Structure formats: C-alpha cells, structure tokens
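The values are calculated or read from the model by the stated rules, or taken from the named source; none is laboratory data. All of these numbers come straight from a predicted model, not from anything done at the bench. Cβ atoms come from the backbone with ideal geometry, glycine included; neighbour counts cover every protein chain shown.
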Amino acid sequence: MQSCYPAAMPDTMPAPVPDGLPLRASMHDLLIPRLRAMILAGDLAPTTPISELALSRRFGVSRTPLREALKVLAAEGLVLLRPHRSPLVAGVDPDQIAAVFETLAPLEALAARRAAERSDAGGKAELAARHRQLLVLRRAGDRAGYLRGNHDFHLRIAELAGNAVLRATIADLLGKILRARATANLDPARWRRAGAEHAAVLAAIASGEPDRAEAAMLTHSLNTAAAVLEVLRTAGRRA
C-alpha cells in the first residue's frame with residue numbers, strides 16, 4: 001500500500017509561491033514547493049485527480065516542468081502517477097495517521113513539560129507572539145497560513161524543551177500528519193477550540209507549571225487526533 005507519509009519533510013511549512021512564476025528561475029524547482037504546499041494545505045484534496053491542463057494554465061507553464069515536479073512529489077508519496085491517466089493526489093490512511101498521533105501525543109506532552117521547566121523569558125515571549133499570530137490567521141480565515149503557523153508553534157515548543165533528540169523526533173512526526181491535520185481546520189468549531197487549547201498550553205509554559213503544561217498539551221493532541229480521524233474516516237465511509 002502506498003504510504004501517506006512524505007519521504008522527507010522540512011522542519012517548517014513551505015511558504016506559498018506566487019502563481020506568477022518568474023521565468024528566470026527553474027520552473028521545475030519553483031513548481032515543487034507550490035504544489036507541495038497546495039497538497040499539504042488540502043487545496044488539492046486526497047484521492048482527487050490532478051488536472052495538468054488546469055495547473056499549466058494557472059501557473060503559465062508548459063506541461064513538461066509540471067510533470068517533472070509531479071514526479072518529485074510522487075517520490076515523496078504525495079502524488080500517484082498513473083499510465084495514460086491523470087495523476088492523483090495520494091490518499092491519507094487513517095490507521096497510519098492514528099499510529100502517528102498515538103506516538104506523537106505523549107512526546108509533545110513531554111516537550112511542553114520540559115518547555116515549562118527550561119524555557120527563558122525570550123522563548124516564552126516568542127511563543128506568545130506565535131500564538132497571537134495564529135489567532136489573527138484564524139480570524140482572517142487563512143487556513144493555509146494557519147497550518148504553517150500551527151506547525152511552527154508546535155515545533156517551537158519542542159525546541160524550547162531543550163532536547164535535540166525529542167525535537168527531531170517530534171519534527172519528523174509532525175511532518176507525517178501535516179496534511180491530515182489540515183482537515184481538522186475545516187470545522188470552525190474545532191478551529192476555535194484548538195486556539196483555546198493552545199492558550200492553555202501557552203499559559204502553563206509561561207507560568208512555569210510543568211504538570212499543567214503536560215496535561216494541556218496531551219489534551220490538545222488527543223482532541224486534534226480525534227477530530228482529524230473523524231474527518232478521515234467519515235470521508236472513507238462516503239467514498
């Protein structure tokens with residue numbers, strides 16, 4: 001079975017690339033991050049066909065660099081190439097995602113505990129600024145921007161834990177659920193609750209309360225997992 005995981009993910013979410021791509025740069029290299037971001041943010045939904053004609057027109061490029069970019073994304077597990085048929089956005093396996101969340105949740109809880117114990121005033125202030133930016137993005141309805149900011153918020157907590165092994169492991173697992181996590185933001189109520197859960201984690205870290213930070217992050221991770229898996233499994237029943 002095709003894995004739903006990208007082969008290698010950057011620690012931070014790729015920023016959007018403007019639709020008008022400069023000709024001086026390699027079309028192939030510019031298309032890859034743009035298409036990857038569209039898939040990870042759900043703009044190109046799992047299991048849907050990819051229209052090469054529509055994307056060629058959108059980006060103002062020929063099909064040759066587009067097809068080369070799709071080959072790279074296929075190697076990352078994000079696209080399925082089919083002979084004589086349109087490529088597909090790779091599906092997301094709920095069982096694989098559940099396994100990742102099961103592993104990730106206690107690790108993120110540990111990271112929050114250590115961040116509460118070890119982070120300095122500067123780190124706490126930066127985390128608070130990231131949280132405020134997430135609230136701005138949510139109010140603006142910027143789902144793609146929120147997805148990137150949310151990924152970086154969680155990764156920053158892992159960095160504040162002061163454990164390089166823990167941080168690297170969390171970064172890898174966050175990359176594996178990035179695309180699935182975007183589905184939870186389609187529910188406005190869950191999006192609001194996630195903001196409140198972030199605030200609880202932030203408050204506990206800011207006040208240096210390890211037990212409360214750990215419990216708040218575990219609650220947030222489990223709630224996110226439940227929301228994501230419900231969306232994925234409902235979609236699977238409808239398919």
**Request:** For the stretch 93-131, name all the residues that are buried (at least 22 other Cβ atoms within 10 Å of the Cβ), in contact with a Gly (Cβ under 9 Å, 6 or more places away or on another chain) and either closer than 25 Å to PRO46 by Cα or among the hydroxyl-bearing types (Ser, Thr, Tyr) (or both).
**Result:** SER119
**Request:** Name the one entry in ASP95, ASP43 that is within 22 Å of ARG190 (Cβ to Cβ), among the acidic types (Asp, Glu) and not in a helix (DSSP H, G or I).
**Result:** ASP43
**Item:** ILE205 at negative phi, outside the structural domain of ASP43 (by TED's automatic domain parsing), at pLDDT 95 or above and hydrophobic (A, V, I, L, M, F, W, C)
**Value:** yes
**Request:** Quickly run through the stretch 205-239 and pick out the residues that are of a type in the set (Gly, Ala, Ser) and part of a helix (DSSP H, G or I).
**Result:** ALA206, ALA213, ALA215, ALA216, SER221, ALA225, ALA226, ALA227, ALA235, GLY236
**Those residues of the stretch 81-130 which are among the acidic types (Asp, Glu) and modelled with pLDDT of 95 or more, in sequence order** = GLU102, GLU108, GLU117, ASP120, GLU126
**Fill in**
For HIS198, the lone unmet condition from (1) more than 18 Å from ALA158 (Cβ to Cβ); (2) surrounded by 21 or more Cβ atoms within 10 Å (Cβ to Cβ); (3) not aliphatic (A, V, I, L, M) is (1)
**Boolean, LEU186 is at pLDDT 95 or above, surrounded by fewer than 22 Cβ atoms within 10 Å (Cβ to Cβ) and hydrophobic (A, V, I, L, M, F, W, C)** = no
**Request:** Please go through the stretch 55-76 and pick out each residue that is farther than 13 Å from ILE32 by Cα and either under 25 Å from the mean Cα position of the chain (by Cα) or of a type in the set (Lys, Arg) (or both).
**Result:** ARG57, ARG58, ARG63
**Message:** Filter the stretch 160-204 down to the residues that are small (Gly, Ala, Ser), over 18 Å from ALA216 (Cα atoms) and in a helix (DSSP H, G or I) and list them by number.
**Reply:** ALA164, ALA168, ALA171, GLY175, ALA180, ALA182, ALA184, ALA189
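Go through ARG181, ARG139 for me and flag whichever is assigned by TED's automatic domain parsing to the domain that holds ASN223 and touching a Leu at 6+ places or on another chain (Cβ under 9 Å). Outline the logic, then answer.
Details: ARG139 fails: touching a Leu at 6+ places or on another chain (Cβ under 9 Å).
Answer to the check: ARG181.
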**Message:** Give me the residue from the stretch 31-46 that is on the phi < 0 side of the Ramachandran plot and of a type in the set (Gly, Ala, Ser) and, out of that set, surrounded by the most Cβ atoms within 10 Å (Cβ to Cβ).
**Reply:** ALA41
**Prompt:** Tally time: how many residues in the stretch 132-154 are under 18 Å from ARG113 (Cα atoms) and crowded, with 20+ Cβ neighbours inside 10 Å?
**Reply:** 1
